[in-house]
Amino acid sequence: MKQKSIVAGALRTLFRTWAISVGLIALVLGISYLVNKTIMPFVLLVLAYFISALMRVRGMQNRQVCMRIAWVVRTTFVISAFVMFTLLLSHVESLFGTRFNAPYFNPQIPYVTGLVVLTVCSVVCIYALFMGVSLGVCRACRRMYGEYENDSLASSLFNDESERQLRLLLWMCIGMGTTQWAYFLTFFINVNFNSPDKFFFNFLPVAVYLLSLIFLASRYYSITEAFQSSASASTRINGNNELRFLVTSGDNMLLREQGDGEWDTPYRAEIPSQSKADDDKARQRFEAMGGPADASIRYLYTNRTSGGSVMLHYAVFVPDESKEKALRGGKWCSLYEVDGLLNGNRLSPMLANELVRIHTITMAWKTYDRRGHRLYPIKNYKPIFRLRDFKEWDVDFNDPVWLQISVENEDRPFFRVRRVWRKFLDIFNR
(Lines give C-alpha, C1' and ligand atoms only; values in the text may rest on other atoms or scores of the structure.)
Protein backbone atom coordinates (compact mmCIF):
# COMPACT_ATOMS: atom_id res chain seq x y z
CA MET A 1 0.00 0.00 0.00
CA LYS A 2 2.92 2.33 0.69
CA GLN A 3 4.19 1.73 -2.85
CA LYS A 4 0.78 2.62 -4.29
CA SER A 5 0.64 5.76 -2.13
CA ILE A 6 4.01 6.98 -3.42
CA VAL A 7 3.10 6.20 -7.03
CA ALA A 8 -0.36 7.75 -6.78
CA GLY A 9 1.04 10.88 -5.13
CA ALA A 10 3.72 11.36 -7.80
CA LEU A 11 1.31 10.80 -10.68
CA ARG A 12 -1.31 13.04 -9.09
CA THR A 13 1.13 15.97 -8.92
CA LEU A 14 2.17 15.36 -12.53
CA PHE A 15 -1.46 15.34 -13.67
CA ARG A 16 -2.32 18.49 -11.72
CA THR A 17 0.67 20.35 -13.11
CA TRP A 18 -0.30 19.34 -16.64
CA ALA A 19 -3.96 20.22 -16.11
CA ILE A 20 -3.15 23.70 -14.79
CA SER A 21 -0.20 24.62 -17.02
CA VAL A 22 -1.41 23.25 -20.36
CA GLY A 23 -4.93 24.29 -19.37
CA LEU A 24 -3.74 27.90 -19.34
CA ILE A 25 -2.51 27.50 -22.93
CA ALA A 26 -5.90 26.09 -23.92
CA LEU A 27 -7.62 28.94 -22.08
CA VAL A 28 -5.55 31.60 -23.84
CA LEU A 29 -6.15 30.08 -27.26
CA GLY A 30 -9.82 29.42 -26.54
CA ILE A 31 -10.67 33.02 -25.64
CA SER A 32 -8.08 34.78 -27.83
CA TYR A 33 -10.73 36.01 -30.31
CA LEU A 34 -12.40 37.86 -27.41
CA VAL A 35 -9.24 39.60 -26.14
CA ASN A 36 -7.84 42.74 -27.75
CA LYS A 37 -4.49 41.99 -29.40
CA THR A 38 -2.85 44.94 -27.67
CA ILE A 39 -3.84 43.53 -24.28
CA MET A 40 -2.94 39.89 -25.01
CA PRO A 41 0.84 40.22 -24.30
CA PHE A 42 0.04 41.62 -20.85
CA VAL A 43 -2.37 38.75 -20.24
CA LEU A 44 0.41 36.27 -21.05
CA LEU A 45 2.85 37.99 -18.68
CA VAL A 46 0.27 37.90 -15.87
CA LEU A 47 -0.29 34.19 -16.49
CA ALA A 48 3.49 33.64 -16.51
CA TYR A 49 3.66 35.31 -13.11
CA PHE A 50 0.82 33.07 -11.90
CA ILE A 51 2.71 29.95 -13.01
CA SER A 52 5.86 31.22 -11.25
CA ALA A 53 3.84 31.68 -8.07
CA LEU A 54 2.51 28.14 -8.49
CA MET A 55 6.04 26.78 -8.91
CA ARG A 56 7.23 28.70 -5.87
CA VAL A 57 4.38 27.48 -3.64
CA ARG A 58 4.81 23.88 -4.77
CA GLY A 59 8.55 24.16 -4.17
CA MET A 60 7.94 25.16 -0.53
CA GLN A 61 6.01 21.97 0.14
CA ASN A 62 7.71 18.94 1.64
CA ARG A 63 6.83 16.63 -1.26
CA GLN A 64 8.79 16.61 -4.47
CA VAL A 65 6.94 18.04 -7.47
CA CYS A 66 8.18 18.04 -11.07
CA MET A 67 7.78 21.45 -12.67
CA ARG A 68 9.22 20.88 -16.15
CA ILE A 69 5.87 21.37 -17.90
CA ALA A 70 5.12 24.46 -15.81
CA TRP A 71 8.53 25.89 -16.76
CA VAL A 72 7.87 25.21 -20.46
CA VAL A 73 4.48 26.96 -20.34
CA ARG A 74 5.84 29.94 -18.38
CA THR A 75 8.74 30.36 -20.80
CA THR A 76 6.33 30.03 -23.73
CA PHE A 77 4.13 32.81 -22.37
CA VAL A 78 7.07 35.15 -21.75
CA ILE A 79 8.62 34.64 -25.20
CA SER A 80 5.22 34.80 -26.91
CA ALA A 81 4.51 38.10 -25.17
CA PHE A 82 7.76 39.54 -26.57
CA VAL A 83 6.94 38.25 -30.05
CA MET A 84 3.50 39.86 -29.85
CA PHE A 85 4.98 43.14 -28.65
CA THR A 86 7.39 43.05 -31.60
CA LEU A 87 4.57 42.40 -34.06
CA LEU A 88 2.52 45.23 -32.57
CA LEU A 89 5.44 47.67 -32.77
CA SER A 90 6.23 46.67 -36.36
CA HIS A 91 2.81 48.00 -37.39
CA VAL A 92 3.15 51.40 -35.69
CA GLU A 93 3.19 53.80 -38.65
CA SER A 94 4.93 56.58 -36.72
CA LEU A 95 7.91 54.24 -36.23
CA PHE A 96 8.10 52.13 -39.40
CA GLY A 97 5.48 53.55 -41.73
CA THR A 98 3.67 50.86 -43.68
CA ARG A 99 6.71 48.88 -44.81
CA PHE A 100 5.74 45.83 -42.70
CA ASN A 101 2.03 45.97 -43.51
CA ALA A 102 0.76 43.58 -46.15
CA PRO A 103 -2.02 44.76 -48.50
CA TYR A 104 -4.58 42.75 -46.53
CA PHE A 105 -3.31 43.89 -43.12
CA ASN A 106 -6.01 44.43 -40.48
CA PRO A 107 -4.91 46.55 -37.50
CA GLN A 108 -7.56 44.82 -35.39
CA ILE A 109 -5.86 41.45 -35.99
CA PRO A 110 -2.10 42.17 -36.21
CA TYR A 111 -1.35 38.53 -35.36
CA VAL A 112 -3.11 35.25 -34.64
CA THR A 113 -2.50 34.20 -31.03
CA GLY A 114 -2.51 30.48 -31.74
CA LEU A 115 0.15 30.73 -34.45
CA VAL A 116 2.48 32.60 -32.10
CA VAL A 117 1.93 30.53 -28.94
CA LEU A 118 2.00 27.10 -30.59
CA THR A 119 5.12 27.89 -32.62
CA VAL A 120 6.97 29.23 -29.58
CA CYS A 121 5.82 26.32 -27.41
CA SER A 122 7.13 23.82 -29.97
CA VAL A 123 10.57 25.45 -29.90
CA VAL A 124 10.63 25.59 -26.09
CA CYS A 125 9.62 21.91 -25.85
CA ILE A 126 12.43 20.90 -28.22
CA TYR A 127 14.88 22.93 -26.12
CA ALA A 128 13.63 21.32 -22.88
CA LEU A 129 13.93 17.81 -24.34
CA PHE A 130 17.43 18.60 -25.62
CA MET A 131 18.57 19.91 -22.23
CA GLY A 132 17.04 17.01 -20.29
CA VAL A 133 17.82 17.16 -16.57
CA SER A 134 20.29 20.00 -17.23
CA LEU A 135 17.30 22.34 -17.53
CA GLY A 136 17.38 25.11 -14.92
CA VAL A 137 14.22 23.91 -13.16
CA CYS A 138 15.69 20.37 -13.01
CA ARG A 139 18.95 21.66 -11.55
CA ALA A 140 16.97 23.50 -8.87
CA CYS A 141 15.14 20.25 -8.07
CA ARG A 142 18.44 18.36 -7.79
CA ARG A 143 19.82 21.03 -5.49
CA MET A 144 16.97 20.28 -3.10
CA TYR A 145 16.62 16.52 -3.49
CA GLY A 146 20.07 15.47 -4.68
CA GLU A 147 21.86 14.46 -7.88
CA TYR A 148 21.01 10.83 -7.15
CA GLU A 149 17.66 10.13 -5.51
CA ASN A 150 17.69 7.82 -2.49
CA ASP A 151 13.96 7.16 -2.89
CA SER A 152 14.11 6.16 -6.54
CA LEU A 153 10.49 5.21 -7.17
CA ALA A 154 8.98 8.69 -7.23
CA SER A 155 12.00 10.24 -8.92
CA SER A 156 11.88 7.63 -11.72
CA LEU A 157 8.22 8.44 -12.29
CA PHE A 158 8.94 12.16 -12.36
CA ASN A 159 11.83 11.74 -14.81
CA ASP A 160 10.08 9.33 -17.15
CA GLU A 161 6.56 10.76 -17.10
CA SER A 162 7.61 14.41 -17.26
CA GLU A 163 9.63 13.62 -20.38
CA ARG A 164 6.60 11.85 -21.86
CA GLN A 165 4.50 14.89 -21.03
CA LEU A 166 7.02 17.10 -22.84
CA ARG A 167 6.88 14.87 -25.91
CA LEU A 168 3.08 14.83 -25.78
CA LEU A 169 2.95 18.63 -25.55
CA LEU A 170 5.46 18.92 -28.40
CA TRP A 171 3.40 16.71 -30.71
CA MET A 172 0.20 18.51 -29.72
CA CYS A 173 1.80 21.86 -30.60
CA ILE A 174 3.28 20.56 -33.84
CA GLY A 175 -0.02 18.97 -34.88
CA MET A 176 -2.20 21.95 -34.01
CA GLY A 177 0.39 24.45 -35.24
CA THR A 178 0.76 22.72 -38.59
CA THR A 179 -3.02 22.58 -38.98
CA GLN A 180 -3.45 26.24 -38.08
CA TRP A 181 -0.61 27.41 -40.33
CA ALA A 182 -2.02 25.40 -43.25
CA TYR A 183 -5.47 26.89 -42.67
CA PHE A 184 -4.01 30.39 -42.21
CA LEU A 185 -2.03 30.27 -45.45
CA THR A 186 -4.84 28.65 -47.43
CA PHE A 187 -8.21 29.86 -46.21
CA PHE A 188 -7.80 32.63 -43.62
CA ILE A 189 -9.00 36.11 -44.60
CA ASN A 190 -7.76 38.83 -42.27
CA VAL A 191 -11.08 40.65 -41.89
CA ASN A 192 -12.70 39.03 -38.87
CA PHE A 193 -13.00 35.66 -37.17
CA ASN A 194 -15.75 33.62 -38.80
CA SER A 195 -16.97 30.19 -37.63
CA PRO A 196 -14.28 28.12 -39.43
CA ASP A 197 -11.60 30.50 -38.09
CA LYS A 198 -12.86 30.04 -34.52
CA PHE A 199 -12.94 26.26 -34.94
CA PHE A 200 -9.29 26.01 -36.03
CA PHE A 201 -7.78 28.79 -33.90
CA ASN A 202 -9.92 28.60 -30.74
CA PHE A 203 -12.03 25.48 -30.32
CA LEU A 204 -9.57 22.90 -31.69
CA PRO A 205 -6.87 23.57 -29.03
CA VAL A 206 -9.45 23.28 -26.24
CA ALA A 207 -10.72 19.96 -27.66
CA VAL A 208 -7.18 18.56 -27.96
CA TYR A 209 -6.41 19.65 -24.38
CA LEU A 210 -9.51 17.85 -23.06
CA LEU A 211 -8.51 14.71 -24.95
CA SER A 212 -5.03 14.93 -23.40
CA LEU A 213 -6.61 15.02 -19.92
CA ILE A 214 -8.56 11.85 -20.67
CA PHE A 215 -5.44 10.15 -22.06
CA LEU A 216 -3.21 11.06 -19.09
CA ALA A 217 -5.88 10.25 -16.51
CA SER A 218 -6.38 6.77 -17.98
CA ARG A 219 -2.62 6.24 -18.27
CA TYR A 220 -1.89 7.25 -14.69
CA TYR A 221 -4.78 5.19 -13.37
CA SER A 222 -3.39 2.13 -15.17
CA ILE A 223 0.12 2.73 -13.79
CA THR A 224 -1.23 3.07 -10.24
CA GLU A 225 -3.22 -0.14 -10.53
CA ALA A 226 -0.23 -1.95 -11.98
CA PHE A 227 1.90 -0.99 -9.00
CA GLN A 228 -0.85 -2.05 -6.62
CA SER A 229 -0.98 -5.53 -8.11
CA SER A 230 2.80 -5.93 -8.29
CA ALA A 231 4.78 -6.96 -5.25
CA SER A 232 8.14 -7.05 -6.99
CA ALA A 233 9.19 -3.45 -6.39
CA SER A 234 11.87 -3.06 -3.76
CA THR A 235 12.31 0.56 -2.86
CA ARG A 236 13.43 1.85 0.48
CA ILE A 237 10.65 4.05 1.79
CA ASN A 238 10.36 5.40 5.29
CA GLY A 239 9.33 8.61 6.91
CA ASN A 240 12.34 8.85 9.26
CA ASN A 241 15.04 11.47 8.85
CA GLU A 242 18.64 10.36 8.41
CA LEU A 243 21.93 11.65 9.74
CA ARG A 244 24.98 10.89 7.61
CA PHE A 245 28.70 11.38 8.32
CA LEU A 246 31.27 11.51 5.52
CA VAL A 247 34.45 10.47 7.34
CA THR A 248 37.85 11.53 5.99
CA SER A 249 41.44 11.52 7.18
CA GLY A 250 44.04 13.31 5.09
CA ASP A 251 43.53 12.19 1.50
CA ASN A 252 41.56 9.08 2.50
CA MET A 253 37.85 8.43 2.96
CA LEU A 254 36.28 5.77 5.17
CA LEU A 255 33.91 3.43 3.29
CA ARG A 256 32.26 0.10 4.07
CA GLU A 257 30.82 -2.44 1.65
CA GLN A 258 27.13 -3.12 2.22
CA GLY A 259 25.28 -6.39 1.81
CA ASP A 260 24.08 -5.42 -1.66
CA GLY A 261 27.64 -4.82 -2.90
CA GLU A 262 27.43 -1.01 -2.72
CA TRP A 263 29.89 1.04 -0.70
CA ASP A 264 28.71 3.66 1.75
CA THR A 265 29.82 5.49 4.87
CA PRO A 266 29.83 3.31 8.03
CA TYR A 267 28.39 6.19 10.03
CA ARG A 268 24.72 6.90 9.42
CA ALA A 269 21.71 6.83 11.67
CA GLU A 270 17.98 7.39 11.56
CA ILE A 271 16.62 10.29 13.60
CA PRO A 272 12.83 10.20 14.07
CA SER A 273 12.10 13.84 14.80
CA GLN A 274 15.09 16.13 14.16
CA SER A 275 14.84 18.17 10.98
CA LYS A 276 17.40 20.93 11.59
CA ALA A 277 21.17 20.74 11.83
CA ASP A 278 22.50 20.61 15.40
CA ASP A 279 26.28 20.18 15.63
CA ASP A 280 26.30 19.12 19.29
CA LYS A 281 23.68 16.42 18.80
CA ALA A 282 25.44 15.27 15.65
CA ARG A 283 28.73 14.90 17.54
CA GLN A 284 27.01 12.96 20.32
CA ARG A 285 25.46 10.60 17.78
CA PHE A 286 28.80 10.13 15.99
CA GLU A 287 30.60 9.25 19.21
CA ALA A 288 27.74 6.96 20.28
CA MET A 289 28.37 4.92 17.11
CA GLY A 290 32.02 4.48 18.12
CA GLY A 291 33.55 7.50 16.43
CA PRO A 292 36.72 8.97 17.99
CA ALA A 293 36.14 11.92 20.30
CA ASP A 294 39.09 13.89 18.92
CA ALA A 295 37.56 14.09 15.42
CA SER A 296 36.36 17.42 14.01
CA ILE A 297 32.79 17.68 12.70
CA ARG A 298 31.42 20.09 10.12
CA TYR A 299 27.85 20.52 8.89
CA LEU A 300 27.60 20.29 5.08
CA TYR A 301 24.02 20.56 3.82
CA THR A 302 20.43 19.36 4.10
CA ASN A 303 18.21 17.87 1.43
CA ARG A 304 14.86 16.12 1.23
CA THR A 305 13.90 12.86 -0.42
CA SER A 306 10.80 12.62 -2.60
CA GLY A 307 9.15 10.76 0.28
CA GLY A 308 9.47 13.86 2.48
CA SER A 309 12.34 12.62 4.68
CA VAL A 310 15.12 15.02 5.69
CA MET A 311 18.76 14.06 5.11
CA LEU A 312 21.37 15.85 7.23
CA HIS A 313 24.92 15.58 5.89
CA TYR A 314 28.07 16.11 7.98
CA ALA A 315 31.78 15.78 7.30
CA VAL A 316 34.10 14.27 9.93
CA PHE A 317 37.86 14.84 9.93
CA VAL A 318 39.75 12.13 11.83
CA PRO A 319 43.37 12.63 12.99
CA ASP A 320 45.92 10.05 11.75
CA GLU A 321 46.35 8.57 15.23
CA SER A 322 42.62 7.79 15.47
CA LYS A 323 42.15 6.17 12.05
CA GLU A 324 42.08 2.62 13.40
CA LYS A 325 39.54 3.50 16.09
CA ALA A 326 37.19 5.03 13.50
CA LEU A 327 37.14 1.99 11.18
CA ARG A 328 33.82 0.44 12.33
CA GLY A 329 34.27 -2.40 9.87
CA GLY A 330 35.16 -0.07 7.04
CA LYS A 331 38.20 0.59 4.88
CA TRP A 332 40.22 3.72 4.26
CA CYS A 333 40.12 4.41 0.51
CA SER A 334 42.23 6.85 -1.49
CA LEU A 335 40.58 9.45 -3.69
CA TYR A 336 41.61 7.37 -6.73
CA GLU A 337 39.81 4.31 -5.31
CA VAL A 338 36.71 6.35 -4.48
CA ASP A 339 36.65 7.73 -8.02
CA GLY A 340 36.84 4.20 -9.39
CA LEU A 341 33.91 3.07 -7.24
CA LEU A 342 31.90 6.11 -8.32
CA ASN A 343 32.55 5.56 -12.03
CA GLY A 344 31.77 1.85 -11.61
CA ASN A 345 28.37 2.64 -10.02
CA ARG A 346 29.43 0.81 -6.86
CA LEU A 347 28.68 3.64 -4.43
CA SER A 348 25.31 4.01 -2.74
CA PRO A 349 23.13 6.67 -4.43
CA MET A 350 23.28 8.97 -1.41
CA LEU A 351 27.07 8.76 -1.09
CA ALA A 352 27.42 9.40 -4.83
CA ASN A 353 25.16 12.42 -4.36
CA GLU A 354 27.34 13.74 -1.54
CA LEU A 355 30.57 13.37 -3.49
CA VAL A 356 29.16 14.94 -6.67
CA ARG A 357 27.78 17.90 -4.72
CA ILE A 358 30.98 18.48 -2.72
CA HIS A 359 33.20 18.25 -5.80
CA THR A 360 30.91 20.46 -7.93
CA ILE A 361 30.59 23.21 -5.33
CA THR A 362 34.26 23.13 -4.39
CA MET A 363 35.47 23.44 -7.98
CA ALA A 364 33.00 26.27 -8.69
CA TRP A 365 34.05 28.12 -5.50
CA LYS A 366 37.75 27.74 -6.33
CA THR A 367 37.32 28.92 -9.92
CA TYR A 368 34.65 31.67 -9.97
CA ASP A 369 33.19 34.40 -7.81
CA ARG A 370 29.51 34.51 -6.85
CA ARG A 371 28.64 36.25 -10.12
CA GLY A 372 30.25 33.56 -12.27
CA HIS A 373 33.37 35.55 -13.22
CA ARG A 374 36.75 33.80 -13.22
CA LEU A 375 38.95 34.40 -10.20
CA TYR A 376 42.05 33.99 -12.38
CA PRO A 377 42.57 35.32 -15.94
CA ILE A 378 43.04 31.80 -17.32
CA LYS A 379 40.19 30.45 -19.44
CA ASN A 380 38.95 26.96 -18.49
CA TYR A 381 41.31 26.90 -15.50
CA LYS A 382 40.67 23.85 -13.28
CA PRO A 383 41.97 23.95 -9.69
CA ILE A 384 43.22 20.89 -7.78
CA PHE A 385 40.76 18.90 -5.67
CA ARG A 386 42.44 17.35 -2.61
CA LEU A 387 40.63 15.73 0.31
CA ARG A 388 43.27 16.86 2.81
CA ASP A 389 42.18 20.46 2.15
CA PHE A 390 38.49 19.67 2.78
CA LYS A 391 38.59 20.90 6.39
CA GLU A 392 39.93 24.31 5.37
CA TRP A 393 37.52 25.06 2.51
CA ASP A 394 35.56 28.17 3.46
CA VAL A 395 32.50 27.49 1.32
CA ASP A 396 28.86 26.86 2.24
CA PHE A 397 27.83 23.51 0.75
CA ASN A 398 24.21 24.36 1.55
CA ASP A 399 24.32 27.45 -0.71
CA PRO A 400 22.61 26.69 -4.07
CA VAL A 401 24.39 29.63 -5.73
CA TRP A 402 27.55 27.57 -6.29
CA LEU A 403 25.64 24.79 -8.05
CA GLN A 404 24.19 27.45 -10.35
CA ILE A 405 27.65 28.96 -10.94
CA SER A 406 29.01 25.53 -11.90
CA VAL A 407 26.79 25.51 -15.02
CA GLU A 408 26.44 29.27 -15.66
CA ASN A 409 29.84 30.92 -15.60
CA GLU A 410 32.21 32.98 -17.72
CA ASP A 411 33.63 29.89 -19.41
CA ARG A 412 30.21 28.89 -20.82
CA PRO A 413 28.88 30.22 -24.16
CA PHE A 414 26.48 33.20 -24.06
CA PHE A 415 27.17 33.71 -20.35
CA ARG A 416 26.09 37.36 -20.25
CA VAL A 417 23.01 36.80 -22.41
CA ARG A 418 21.89 33.89 -20.22
CA ARG A 419 22.49 35.93 -17.08
CA VAL A 420 20.34 38.80 -18.37
CA TRP A 421 17.60 36.35 -19.35
CA ARG A 422 17.72 34.69 -15.92
CA LYS A 423 17.47 38.06 -14.17
CA PHE A 424 14.42 38.88 -16.27
CA LEU A 425 12.76 35.56 -15.38
CA ASP A 426 13.56 36.20 -11.71
CA ILE A 427 11.04 39.05 -11.86
CA PHE A 428 8.31 36.40 -12.06
CA ASN A 429 9.72 34.53 -9.05
CA ARG A 430 9.30 37.40 -6.60
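Using a Förster distance of 41 Å, how high is the FRET efficiency between Asp369 and Glu257, based on the Cβ-Cβ distance and rounded to 0.05?
Numbers: r = 41 Å, r/R0 = 0.99.
That pair, Asp369 with Glu257, gives E of 0.50.
Using the Cα gyration tensor of the stretch 239-371, with a ≥ b ≥ c the square roots of its eigenvalues, what is the shape: rounded (a/c below 1.5), prolate (a/b larger than b/c) or oblate (neither)? Mind dumping the intermediate values first?
Numbers: a/c = 1.19, a/b = 1.01, b/c = 1.18.
Rounded.
In what order, largest first, do His359, His373 sit by accessible area if the probe radius is 1.4 Å?
Working: His359 80, His373 40 Å².
So the residues, ranked largest to smallest area, are His359, His373.
How would you classify the stretch 3-56 from its alpha-carbon gyration tensor, with a ≥ b ≥ c the square roots of the eigenvalues: rounded for a/c under 1.5, else prolate if a/b is greater than b/c, otherwise oblate? Intermediate results must be reported in sequence, preceding the final value.
Values: a/c = 7.55, a/b = 2.45, b/c = 3.08.
Since a/c reaches 1.5 but b/c is at least a/b, the shape of the stretch 3-56 is classed as oblate.
With r as the distance between the Cβ atoms of Thr178 and Val133 and R0 = 35 Å, compute the FRET efficiency 1/(1 + (r/R0)^6) and round to 0.05. Don't skip to the end; give the middle numbers.
Values: r = 29 Å, r/R0 = 0.83.
The calculated FRET efficiency here is 0.75.
Rounded to the nearest 10 Å², what accessible area does Asp294 show when all protein chains are kept and the probe is 1.4 Å?
80 Å²
In nm, to one decimal, how far is the Leu327 label point from the Ile31 one, both placed 7 Å along Cα→Cβ?
Each label point lies 7 Å from its Cα, and together they span 7.2 nm.
How long is the gain from Phe203 to Ile189 if the chain were fully straight, where each residue apart is worth 0.36 nm and the alpha carbon distance is subtracted?
On the way: separation 14, 0.36 × 14 = 5.04 nm, distance 1.81 nm.
This chain segment gains 3.2 nm when fully extended.
Strictly over 24 Å apart at the Cα level, which of Lys325/Lys366; Lys391/Lys423; Lys331/Lys391; Lys331/Lys366; Lys37/Lys423; Lys325/Lys391 would you flag in this model? Before the final figure, lay out each step's value.
Details: Lys325/Lys366 33 Å; Lys391/Lys423 34 Å; Lys331/Lys391 20 Å; Lys331/Lys366 29 Å; Lys37/Lys423 27 Å; Lys325/Lys391 20 Å.
From Lys325/Lys366; Lys391/Lys423; Lys331/Lys391; Lys331/Lys366; Lys37/Lys423; Lys325/Lys391, over 24 Å: Lys325/Lys366; Lys391/Lys423; Lys331/Lys366; Lys37/Lys423.
Give the shape of the stretch 293-420 as rounded, prolate or oblate, defined through the alpha-carbon gyration tensor: a ≥ b ≥ c are the square roots of its eigenvalues, a/c under 1.5 means rounded, and otherwise the shape is prolate if a/b is larger than b/c and oblate if not. Before the final figure, lay out each step's value.
On the way: a/c = 1.99, a/b = 1.67, b/c = 1.20.
Because a/c hits 1.5 or more and a/b exceeds b/c, the stretch 293-420 counts as prolate.
Using a Förster distance of 35 Å, how high is the FRET efficiency between Met289 and Ile223, based on the Cβ-Cβ distance and rounded to 0.05?
On the way: r = 40 Å, r/R0 = 1.15.
E(calc), rounded to 0.05, equals 0.30.
Probe 1.4 Å, all protein chains in place: accessible area of Met350 in Å², nearest 10?
Probe radius 1.4 Å; accessible area of Met350 about 10 Å².
The values are calculated or read from the model by the stated rules, or taken from the named source; none is laboratory data. Just so it is clear, the model here is predicted, and its values are computed rather than measured. Neighbour counts run over all protein chains shown; Cβ positions are idealised from the backbone, glycine included. Surface accessibility is based on the protein's heavy atoms, side chains included, excluding ligands, DNA and RNA. Shrake-Rupley method; radii C 1.70, N 1.55, O 1.52, S 1.80 Å.
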